[in-house]
2 protein chains.
Amino acid sequence: MSAAPHGEGRVTIADVAKSAGVATSTVSRALSRPGRVSEPLRQKIVAIANELGYYPSPQARSLKSGRTHNVALLIPDITNPFFFGLVRATQAQARARGYLQFVVNTEESAGVEAAYLAELGKSVDGVILAASRLSDDELASASRTLPIVTINRDIPNVPSVIIDTPAAMVQALDHLVSLGHTSIAYLSGPESSWSSRKRWSALQQAARTRAVHLRDLGPFAPTVQAGAAAADSTLATETTACICFNDLLAIGVLQRLGERGVRVPQDMSVMGCDDIFGADFCNPPLTTFSAPLDQAGRLATDMLMSLVQDRWGGRLAGGVEGRRHERLSTYLTIRDSTGPAPSAANARGVA
Amino acid sequence: MSAAPHGEGRVTIADVAKSAGVATSTVSRALSRPGRVSEPLRQKIVAIANELGYYPSPQARSLKSGRTHNVALLIPDITNPFFFGLVRATQAQARARGYLQFVVNTEESAGVEAAYLAELGKSVDGVILAASRLSDDELASASRTLPIVTINRDIPNVPSVIIDTPAAMVQALDHLVSLGHTSIAYLSGPESSWSSRKRWSALQQAARTRAVHLRDLGPFAPTVQAGAAAADSTLATETTACICFNDLLAIGVLQRLGERGVRVPQDMSVMGCDDIFGADFCNPPLTTFSAPLDQAGRLATDMLMSLVQDRWGGRLAGGVEGRRHERLSTYLTIRDSTGPAPSAANARGVA
DNA sequence: CTGAAAGCGCTAACAT
DNA sequence: ATGTTAGCGCTTTCAG
């Protein structure tokens, strides 16, 4: 509990060396390369270092080695609970590997994201990009210059973890079709969202072999606020069910529908995506897709560490970490926001 | 968009100097202290630096100056949406001042918090501690060694931003009393939570001059999961209303009450605290306390920057930033989870 | 196995 | 106004 300050009393490797009566290089070896120093001496040095409260300076260390032992996690909107699990899992894993993590909120802006990426280059050994808003080219080029792992973004030479919601869209459609819905709307997210585009095409694909009419509405901001507009757009159509780009939007839709006196699911079925905090206690609880976020975070961090190792001449990693593209399955969690399609007889009571 | 890598092709100040035909010190001055170099030369240097894609190495810079231009924000649980606004506001403000922010999740553990604090000492210029679980002594001592600003923690010589929920407890009590409640429970948070202790004593104080019976139950973990136990504890008493330590707990209580068939607010009134994401769309929407989190984050960051300035011999800050303890008011947001006491005829004739 | 010494990239005296 | 030079704390050859 006694971190030395930068200013005056900081204890350096020289202090430890003097106190132990050895050269600074010996201290350095004892601390970072045990085995290249005699065991009793090593123990003595470690003891003295602890006693003095010595912590090596990360700056000095990286000035020499080039490695910072920092990583960054970039996310578009820290206000979206979807990213919770990611932040927590990546931090835990990074810490376990001796890394500190910058969490950066890019505010849904490609510009901000690019700016941070450029600035960060010197401060971190690698970056995890979740739901990046950058173009494929920008990403590929950034990846050439800095170890990068993307989450939910598929680009040939950029390692990635994909949470495979598109694959699950088939289930979504089957769920709704089985409930008798024949006209379904997809309320899409931002145009720059790769996930949203993928979900839409997966949906279209699946619709081809099923007796449903599918339309897409939007784009909408992936926020609760945007839900009002999304709900109104939906009500302007003949649709009896909507699949929302994410849970934030779905919750907003639920709220707006409530205000307008449209009952869910009796008059309208609503599906979200991500199973965020709140999806289980909103009104009604949301049918949505759950994903192993913790696993995604851990995986992405491990992959990044492996890239960093490679780059700095460590031994080649072989196991899971060597794989370049991981795909994680999601599963449909059915709650109360979806139900049988309203029979053609009773019109819906829009206020 | 072309961050130089650490490894090979990185462009250093020497490259810029050579290319411009000047000394490295001149480049350094041109870039960090404009005015100490002739204007045309400065422009030329800046142009060349841009062209070459030069970014100064933060490590080298801090090795010399001692300043890292990094700050850290420590929070007990990144899974608690309460901290959203804080993370966002502090990051925005830090970035505006040219700082990068580490966000650290301490997992509600004083040990983890202390460990990070010690490690971080070398990597940051200062730390914002939100809802710290450390003891007063530990905090005071850490503060001597590193610029620290606390949020929701009041210690004599440690600058702080207090979100004054205790002061608002009077309103909570009046709200419930006016609805006819005479037996009220406080469902307390972790014992290490300063906020929880403060709220409880404010409540006791206020109860003295009012005709209510107050009891405290708990402690409970500040999570949705803990809400079930908290609800059951409450149901084991005569209580008709409960004030929960935070919204997470309150939402958990709401869920459990629903499972057990207890109607809210008809049978039981429930209040939360913080007005987090979800408080407005849970079922029923939660009566709770709202606070200016953005302002708190901005303020804390400014105060920290001011401390950092002082420490590094900058000029003394005078304005808002010089103040050492800021207190921010909160306000009661009444929604549907509180209502008239169930028993006999409602006092005040509230429907 | 250990010590001596040379830098990593940058800034800040100190010269000019 | 600009150039020269000496380190910041650490790791890493290179000697012993």
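The values are calculated or read from the model by the stated rules, or taken from the named source; none is laboratory data. What you are looking at is a predicted structure, and each value in this text was computed from that prediction instead of being measured. Neighbour counts run over all protein chains shown; Cβ positions are idealised from the backbone, glycine included.
Specify the residue that is farthest from the other protein chains (Cβ to nearest Cβ); the eligible residues are those in region A:7-64 that are of a type in the set (G, A, S), surrounded by 13 or more Cβ atoms within 10 Å (Cβ to Cβ) and near DNA strand D (Cβ under 6 Å from one of its atoms).
A:S28
Where the second residue is among the charged types (D, E, K, R) and away from DNA strand C (no atom under 11 Å from the Cβ) and the first is within 28 Å of A:T26 (Cβ to Cβ) and lies in region A:56-79, which pairs have Cβ atoms under 7 Å and are six or more apart or on separate chains?
That search, which allows pairs on different chains as well, returns A:S57/B:K122; A:P58/B:K122; A:R67/A:D125; A:T68/A:D125; A:H69/A:D125; A:N70/A:D125.
Can you tell which of B:V124, B:V161 is under 21 Å from B:A72 (Cα atoms), crowded, with 19+ Cβ neighbours inside 10 Å and at pLDDT 95 or above?
Details: B:V124 fails: at pLDDT 95 or above.
None of the others qualify; the one that does is B:V161.
Testing B:A140 on (1) at the interface with chain A (Cβ under 10 Å from one of its Cβ atoms); (2) over 28 Å from B:S290 (Cβ atoms), one condition comes back false. Which one is that?
Failed condition: (1).
Buried (at least 20 other Cβ atoms within 10 Å of the Cβ), of a type in the set (D, E, K, R) and not in a loop (DSSP other than H, G, I, E, B), is that true of B:E119?
Values: buried (at least 20 other Cβ atoms within 10 Å of the Cβ): no; of a type in the set (D, E, K, R): yes; not in a loop (DSSP other than H, G, I, E, B): yes.
No.
Return only the number of the condition from (1) crowded, with 19+ Cβ neighbours inside 10 Å; (2) over 19 Å from A:R199 (Cα atoms) that A:I243 does not satisfy.
The single condition A:I243 does not satisfy is (2).
Kindly provide the set of residues from region B:88-108 that are at the interface with another protein chain (Cβ under 7 Å from one of its Cβ atoms) and aromatic (F, W, Y), ordered by number.
Matches in region B:88-108: B:F102 only.
So is B:V149 modelled with pLDDT of 95 or more and either within 14 Å of another protein chain (Cβ to nearest Cβ) or at negative phi (or both) or not?
Values: modelled with pLDDT of 95 or more: yes; either within 14 Å of another protein chain (Cβ to nearest Cβ) or at negative phi (or both): yes.
When the stated conditions are applied, B:V149 passes them.
For region B:223-241, which positions are assigned to a loop (DSSP other than H, G, I, E, B) and within 14 Å of chain A (Cβ to nearest Cβ)?
To start, the set of residues in region B:223-241 that are assigned to a loop (DSSP other than H, G, I, E, B) comprises B:223-226, B:236-240.
Those that are assigned to a loop (DSSP other than H, G, I, E, B) and within 14 Å of chain A (Cβ to nearest Cβ): B:T223, B:V224, B:Q225.
Name the one entry in A:T239, A:T209 that is free of Cβ contacts under 8 Å to residues at least 24 places away in the same chain, over 29 Å from B:L248 (Cβ atoms) and not acidic (D, E). I'd like the intermediate steps shown before the answer.
Values: A:T239 fails: free of Cβ contacts under 8 Å to residues at least 24 places away in the same chain.
Result of the check over A:T239, A:T209: A:T209.
Of all the residues that make up region B:65-84, how many are more than 7 Å from chain A (Cβ to nearest Cβ) and either more than 16 Å from DNA strand C (Cβ to nearest atom) or under 10 Å from the mean Cα position of the chain (by Cα) (or both)?
The total comes to 10.
The conditions are (1) touching a residue at least 12 places away in the same chain (Cβ under 8 Å); (2) more than 18 Å from the chain's Cα centre (by Cα), and A:R144 fails exactly one of them. Which is it?
(1)
Looking at this structure, is A:L86 part of a strand (DSSP E or B), touching a residue at least 24 places away in the same chain (Cβ under 8 Å) and in contact with a helix residue (DSSP H, G or I) (Cβ under 8 Å, 6 or more places away or on another chain)? Give the derivation first.
Values: part of a strand (DSSP E or B): no; touching a residue at least 24 places away in the same chain (Cβ under 8 Å): yes; in contact with a helix residue (DSSP H, G or I) (Cβ under 8 Å, 6 or more places away or on another chain): yes.
No, not satisfied.
If you go through region A:164-186 one residue at a time, do you hit one that is in contact with an Asp or Glu (Cβ under 8 Å, 6 or more places away or on another chain), more than 23 Å from A:G297 (Cα to Cα) and surrounded by 18 or more Cβ atoms within 10 Å (Cβ to Cβ)?
The answer is yes; a qualifying residue exists.
When you check B:S195 against the structure, is it in contact (Cβ under 8 Å) with a residue 60 or more places away in the chain and buried (at least 17 other Cβ atoms within 10 Å of the Cβ), yes or no? Full working, then the answer.
Values: in contact (Cβ under 8 Å) with a residue 60 or more places away in the chain: yes; buried (at least 17 other Cβ atoms within 10 Å of the Cβ): yes.
Criteria met by B:S195.
Please tell me if A:G111 is more than 16 Å from DNA strand C (Cβ to nearest atom), on the phi < 0 side of the Ramachandran plot and more than 8 Å from chain B (Cβ to nearest Cβ).
yes
Quick one: would you say B:L214 is touching a residue at least 12 places away in the same chain (Cβ under 8 Å), part of a strand (DSSP E or B) and surrounded by 18 or more Cβ atoms within 10 Å (Cβ to Cβ)?
Details: touching a residue at least 12 places away in the same chain (Cβ under 8 Å): yes; part of a strand (DSSP E or B): yes; surrounded by 18 or more Cβ atoms within 10 Å (Cβ to Cβ): yes.
Criteria met by B:L214.
Among the residues of region B:91-102, are any within 16 Å of DNA strand C (Cβ to nearest atom) and part of a strand (DSSP E or B)? Steps first, answer last, please.
So in region B:91-102, the residues within 16 Å of DNA strand C (Cβ to nearest atom) come out as B:98-100.
Narrowing the set further to residues that are part of a strand (DSSP E or B) leaves B:100.
Yes: region B:91-102 contains one or more residues that are within 16 Å of DNA strand C (Cβ to nearest atom) and part of a strand (DSSP E or B).
Note down all Cβ pairs under 8 Å where the first residue falls in region B:18-36 and is of a type in the set (V, I, T), the second is near DNA strand D (Cβ under 7 Å from one of its atoms), and they're at least six residues apart or on different chains.
Listed by first residue and then by second, the contacts come to B:V22/B:L41; B:T26/B:V37; B:T26/B:L41.
For A:L254, state whether it is part of a helix (DSSP H, G or I), under 22 Å from A:P81 (Cα atoms) and in contact with a strand residue (DSSP E or B) (Cβ under 8 Å, 6 or more places away or on another chain). Break it down stepwise before answering.
Details: part of a helix (DSSP H, G or I): yes; under 22 Å from A:P81 (Cα atoms): yes; in contact with a strand residue (DSSP E or B) (Cβ under 8 Å, 6 or more places away or on another chain): yes.
Answer is yes for this residue.
What are the pairs, 6+ residues apart or on separate chains, where a residue within region B:323-340 that is small (G, A, S) has its Cβ under 6 Å from a residue that is not in a strand (DSSP E or B)?
Once the first residue is small (G, A, S) and sits in region B:323-340, its partners that are not in a strand (DSSP E or B) give B:S337/B:V264; B:S337/B:P265; B:S337/B:P284; B:S337/B:L286; B:G339/B:P265.
May I ask you to say which residue of A:G349, A:G339 is more than 24 Å from the chain's Cα centre (by Cα), at pLDDT below 95, closer than 28 Å to B:S337 by Cα and of a type in the set (G, A, S)? Write out each step before concluding.
Numbers: A:G339 fails: at pLDDT below 95.
It is A:G349.
Scanning region A:118-137 for residues that are over 29 Å from A:A207 (Cα atoms) and in contact with a strand residue (DSSP E or B) (Cβ under 7 Å, 6 or more places away or on another chain), which turns out nearest to the other protein chains (Cβ to nearest Cβ)?
Taking region A:118-137 first, the residues over 29 Å from A:A207 (Cα atoms) are A:118-129, A:134, A:137.
Subsequent filtering for residues that are in contact with a strand residue (DSSP E or B) (Cβ under 7 Å, 6 or more places away or on another chain) retains A:120, A:123-129.
Working: A:L120: 7, A:S123: 5, A:V124: 9, A:D125: 8, A:G126: 10, A:V127: 10, A:I128: 14, A:L129: 13 Å.
Among those that are over 29 Å from A:A207 (Cα atoms) and in contact with a strand residue (DSSP E or B) (Cβ under 7 Å, 6 or more places away or on another chain), it is A:S123.
Is it the case, given these coordinates, that A:R61 is within 9 Å of DNA strand C (Cβ to nearest atom), of a type in the set (K, R) and over 28 Å from B:S65 (Cβ atoms)? Before you say what the answer is, go through the steps one by one.
Values: within 9 Å of DNA strand C (Cβ to nearest atom): yes; of a type in the set (K, R): yes; over 28 Å from B:S65 (Cβ atoms): no.
In short, no.
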